[in-house]
Amino acid sequence: MAIAKRPDIRPANPNFASGPCAKRPGYSLDALAGAMLGRSHRAAAPKARLVEVIQRSRAILGIPADWRLGIVPASDTGAMEMALWSLLGARPVDVVAFESFGAGWATDVIKQLKLPDARVLEAPYGRLPDHSAVDFSHDVVFTWNGTTSGVRVPNADGIPADRAGLVICDATSAAFAMDLVWEKLDVVTWSWQKALGGEAAHGMLALSPRAVERLESYTPPWPLPKIFRLTSKGKLIEGIFKGETINTPSMLCVEDALDSLRWAESVGGLRGLMARSEANLAAIAAWVEGTDWIDFLAEDPDTRSCTSVCLKLTAPWVVALPAEAQWVVAKRIAALLEGEGVAYDIAAHRDSPPGLRIWTGATIETSNVAALLPWLDWAFATVAAEHAPARAAE
């Protein structure tokens, strides 16, 4: 039986899920009123909307002028797999994996593409692999931010400017929240559904001149599905990067993305977005510092994600439980908060250790994070009380 007192304040927006993520503050469906519905995406006006998404994204993120940026199918997953299947095989490959999405790219490289000269550099959830072990004469595949581990790469200092291989970066929960160092990267992918709070199904693919040169000089030995093809007759399909999408996009989602991008500009562009995310992380860090039943999954404070904050339960009675029972506790906390309407979808990812995951990207107001924290204490105290009889009987 719950005995803890419910907090007096509630988050104005209870959406803390890690994808699709919360819409921007003040969002209304009225923002979609101008959507080019029922029109061909090849027509001039709808195509101009697609080009506008590309141009605004490029400007906010500071993408160099000689990079290509396009809208591609199947969210960040589609963008990454287009890159992996189109570019890899020319050199040995190092895959850096420290959470489930990086592990997924390792599966593509090792089990699907079956590349013989591939290495997987792994670390358990909460840590980064030893980046000094990465060989940048190889192509390198990594996630900038571990959405399911709450661990991010703190900087790009270890990537040499004169590298021989390509650096392929999954930035789906880092773009629009972290400072991507473009001169240290060659392929960058993301989706609208993370830091922009956009709708799913569309990915963004950014290619450096080095990546384009690889595409035009190397043909992989395996067949490529139509939605993966970036070249024709040995040349880059430039239309992809000028709003001519490979398949039919949702113009409703396009309009929604434009609304998110305009909002991003209104809060100060990339620096404003980063500041909002970091403020959210700081609010949680201050609470964790004074709380004895929870901690960050990320062991090194410098690697803590400012978007997908992953937390582990540290109360001795929880840690003593088997993993399955710890999951019961974590899911019960999440269910209590959902039942109260104060936080939705904050149980840890199914591939992660038992715990909680709170999205803190820029579309989340810090005031809502602050209002959530007392509810986390309430939910844990309630679950602890529910387990008290069993603990007393042990």
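The values are calculated or read from the model by the stated rules, or taken from the named source; none is laboratory data. Source: prediction; values computed, not measured. Cβ placement follows ideal geometry from the backbone for every residue including glycine, while neighbour counts extend to all protein chains displayed. Calculation scope for accessible area: heavy atoms of the full protein, side chains included, ligands and nucleic acids excluded. Shrake-Rupley method; radii C 1.70, N 1.55, O 1.52, S 1.80 Å.
Using the heavy atoms of the protein chains alone and a 1.4 angstrom probe, what is the accessible area of the chain per residue in square angstrom?
Heavy-atom SASA per residue in the chain reads 40 Å².
Using amide H atoms built in the peptide plane, which far-off residues or other-chain residues are under 5 Å from His138 H to H?
Gly165
Run the quick spin-label model on Gln112 and Tyr27: label points 7 Å from Cα toward the beta carbon, then report their separation in nm to one decimal.
According to this spin-label approximation, the distance is 2.8 nm.
Decide, for region 1-97, between rounded, prolate and oblate: order the square roots of the alpha carbon gyration tensor eigenvalues as a ≥ b ≥ c, take rounded if a/c falls under 1.5, and otherwise choose prolate if a/b is larger than b/c, else oblate.
oblate
For the chain, with all protein chains present and a 1.4 Å probe, just round the carbon and sulfur fraction of the accessible area to a whole percent.
Accessible surface attributable to carbon and sulfur in the chain totals 54 percent.
Calculate the length of the line joining the C-alpha centroid of region 239-255 to that of region 330-394, in whole Å.
38 Å
Nearest 10 degrees, 0 to 90: what angle lies between the long axis of helix 75-87 and the longest principal axis of the chain (Cα atoms)?
40 degrees
Collect residues whose amide H, placed 1.01 Å from N in the peptide plane, falls under 5 Å from the amide H of Trp192; neighbours closer than 5 in sequence don't count.
When sequence neighbours closer than 5 places are left aside, the close amide H contacts are His202.
Could I have the simple spin-label model distance between Lys233 and Leu252, label points 7 Å from Cα toward Cβ, reported in nm to one decimal?
3.9 nm
Counting other Cβ atoms within 10 Å of each Cβ, which trypsin sites (Lys or Arg not before Pro) in region 73-125 have at most 11 and sit in a DSSP loop?
Listed in order of number, the matching sites are Lys114.
Run the count for the chain, please: Lys pairs, Cα-Cα under 19 angstrom, 8 or more apart or on different chains.
6
Starting from the Cα of Arg271, step 7 Å along the direction of its Cβ; do the same at Ala90; then give the gap between the two resulting points in nm.
In this crude spin-label approximation the distance works out to 3.6 nm.
Output the peptides 68-77, 357-366 sorted from most to least packed, where packing is the average of other Cβ atoms within 10 Å over each peptide's residues.
Final packing ranking: 357-366, 68-77.
Tell me, what HN-Hα J-couplings in whole Hz come from the Karplus equation 6.51 cos²θ - 1.76 cosθ + 1.60 at θ = phi - 60° for each residue of region 345-352, using x for Gly and Pro?
Using θ = phi - 60°, the values come out as 6, 10, 5, 4, 4, 4, 8, 8 Hz.
Does anyone have the angle between helix 251-266 and the longest principal axis of the chain? Alpha-carbon axes, 0 to 90°, nearest 10?
70 degrees
Can you tell me the FRET efficiency between Ala282 and Glu386 if r is taken as the Cβ-Cβ distance and R0 is 41 Å, rounded to the nearest 0.05?
Once rounded, the FRET efficiency stands at 0.80.
Over region 289-368, consider all pairs of different Cα atoms and compute the Kirkwood hydrodynamic radius from their mean reciprocal separation; express it in Å, one decimal.
Result for region 289-368, one decimal place: 13.4 Å.
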